[in-house]
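Q: My structure is below; once you've seen it, I'll send some questions.
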Amino acid sequence: MSTPTTTPAERPTFPIGRQCPYRPSADYAAFRAEGPLSRVRLYDGREAWLVTGHTEARALLADRRLSINARADGFPALSAEMAELANTGYTDVLIGVDPPVHTRQRAMLIPSFSVRRMNALRPAIQDIVDQRIDAMVAAGPPADLVAEFALPVPSMAVCVLLGVPYEDRVAFAGPARELFDADPDRAAAAMAALTDYFGRLIAAKEREPGTGLLDDLIADQVREGRLSRDELILYAMLMLIAGQDTTANVISLGSLALLEHPDQFAKLRADPALVTGAVEEIMRYVSLVEAISRVALADIEIAGYRIRAGEGVLIGAAAANFTTALVPTPEEFDVTRSPRHHLGFGFGIHQCIGQNLARIELELTFRTLTQRLPGLRLAVPAEEVRSNTTGPMERLTALLVTW
Ligand code: HEM
């Protein structure tokens, strides 16, 4: 059996920080040199496995002996806020449940996320992207691309997906953010406010059906007695949260990466057909979700290592995305390639259910930004662009641009 080369006293802490906001740490190379699995120390002092090999990461994400149950002992939360989420009920659907419950829940949602259904949203999403650019152009440069574009586009797109009026965002935007608050009372109050909002929305939709994922679920599942209203509220909350911040962060970090690589920006501007593939390279290079948490339900032997039942496992998606298993020159940002097997949307049964929607949002975003604002550039030095890390995700505070 292989063993980690570090002793318990020497374990590096995880997350390890990023090289710059849009680029994961170069230190992952040292982890990979040690072997595909390493031991790391978490914020609360506990240890977990960090998987940095691409083959091993995919194999473990597909392994049913790993659980996503955030309430299980040994589950490796990356921050106190992330640990607290398990107590809000947010992880009771999809993202925190194993089969067979997960299988039933996911099957219910899959029809609403088909490629055909997502493609039907294209015109609405293109309108949203155009409107945000029109507003920026009308106000004139400089603009904060995060506040003016990266945040509202996914927020509006998720509203279209769910069939939620965008005007209602005042009712859910604040509580959706506070659900992650470190203060358990604030997190609980946010949960109560969201439950109340969605409860009223669902009642209104039952009286007067509209078009959207919630309307599908009411017609196909709630009316048939297969889904309770309480569960439906949790689905709505999950989509709202899983679909907004993630996409907003990839838009802002991807834009920063492109602005810092003007040659790559120029290639997209010159050939808009490249954008579909470039979205995969942006997902790989930005590697927004650095690690995916799981806990072992049984002993697992992999690549000569033994993971014991009850141990936490972090699938290092960012580390795996920078291996030659994926692209020949992983350190380069090259928008002319399309690395299909990156782990930016995860892999296995929990692989992002919204990935087709996210891909459309990213494609329309980067195509339209490069075509309509061909002179787009940073309005401040890159070193002044501020970001922060929440759990496994990096978020830009603001991105001042001009054109
Ligand atoms: C670029 C944007 C996005 C990124 C980077 C992203 C990333 C991810 C990742 C890595 C996972 C797997 C988590 C795990 O295995 O533990 C995931 C799952 C999930 N994502 Fe996304 N996501 C994005 C957009 C979206 C959108 C737009 C939606 C919905 C509207 C969405 C909804 C979900 C849901 C519900 C799950 C849980 C699926 C399950 O457990 O079966 N995501 N996402």
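The values are calculated or read from the model by the stated rules, or taken from the named source; none is laboratory data. These numbers come from a predicted model, not from an experiment. Reconstructed Cβ throughout: ideal geometry from the backbone, glycine too, with neighbour counts over all protein chains shown. The area values use the complete protein model at the heavy-atom level, side chains included, leaving out ligands, DNA and RNA. Shrake-Rupley method; radii C 1.70, N 1.55, O 1.52, S 1.80 Å.
Q: Only residues that are in contact with a Lys or Arg (Cβ under 8 Å, 6 or more places away or on another chain) and either open to solvent by less than 10 Å² (accessible area, probe 1.4 Å) or within 15 Å of the ligand (Cβ to nearest atom) (or both): list them for the range 291-313, please.
A: Answer for the range 291-313, where residues must be in contact with a Lys or Arg (Cβ under 8 Å, 6 or more places away or on another chain) and either open to solvent by less than 10 Å² (accessible area, probe 1.4 Å) or within 15 Å of the ligand (Cβ to nearest atom) (or both): A296, I300, G312, V313.
Q: Can you say whether L259 is closer than 20 Å to I125 by Cα, assigned to a helix (DSSP H, G or I) and more than 15 Å from the ligand (Cβ to nearest atom), as far as the supplied structure shows?
A: Here the answer is no, as L259 does not meet what is asked.
Q: Considering only the range 329-369, state which residues are more than 13 Å from the ligand (Cβ to nearest atom) and open to solvent by 40 Å² or more (accessible area, probe 1.4 Å).
A: T329, E331, E332, T336, S338, R340, H341, R367
Q: Among residues belonging to the range 62-74 that are hydrophobic (A, V, I, L, M, F, W, C) and closer than 28 Å to A193 by Cα, point out the one that is farthest from the ligand (Cβ to nearest atom).
A: A72
Q: Further, regarding this structure: Can you name every residue in the range 121-149 that is open to solvent by less than 70 Å² (accessible area, probe 1.4 Å) and among the small types (G, A, S)?
A: Once the filter is applied, which keeps residues that are open to solvent by less than 70 Å² (accessible area, probe 1.4 Å) and among the small types (G, A, S), the range 121-149 yields A124, A135, G140, A143, A147.
Q: Now, a different point. Please give the number of the condition K267 fails out of (1) open to solvent by 50 Å² or more (accessible area, probe 1.4 Å); (2) under 30 Å from M82 (Cα atoms); (3) more than 15 Å from the chain's Cα centre (by Cα).
A: (2)
Q: Can you pull out every residue in the range 203-248 that is assigned to a loop (DSSP other than H, G, I, E, B) and open to solvent by 30 Å² or more (accessible area, probe 1.4 Å)?
A: E208, P209, G210, T211, R223, E224, G225, R226, S228
Q: Could you go through the range 370-386 and let me know if any residue there is hydroxyl-bearing (S, T, Y), buried (at least 19 other Cβ atoms within 10 Å of the Cβ) and touching a Lys or Arg at 6+ places or on another chain (Cβ under 9 Å).
A: There is at least one residue in the range 370-386 that is hydroxyl-bearing (S, T, Y), buried (at least 19 other Cβ atoms within 10 Å of the Cβ) and touching a Lys or Arg at 6+ places or on another chain (Cβ under 9 Å).
Q: Would you please name the residue that is nearest to the chain's Cα centre (by Cα), looking only at residues in the range 354-373 that are within 15 Å of A157 (Cβ to Cβ) and of a type in the set (A, V, I, L, M)?
A: The extreme case among them is A358.
Q: Quickly run through the range 3-24 and pick out the residues that are open to solvent by less than 40 Å² (accessible area, probe 1.4 Å), among the hydroxyl-bearing types (S, T, Y) and under 20 Å from R308 (Cα atoms).
A: Matches in the range 3-24: T6 only.
Q: Still on this structure: Being under 19 Å from the mean Cα position of the chain (by Cα) and more than 16 Å from the ligand (Cβ to nearest atom) is true for just one of E10, E84. Which residue is that?
A: Criteria check complete, one pass: E84.
Q: Pairs only if they're at least six apart or on different chains, beta carbon under 6 angstrom, first in the range 371-382 and small (G, A, S), second open to solvent by less than 60 Å² (accessible area, probe 1.4 Å); list them, first residue then second.
A: Partner pairs satisfying both residue conditions: A379/V401; A379/T402.
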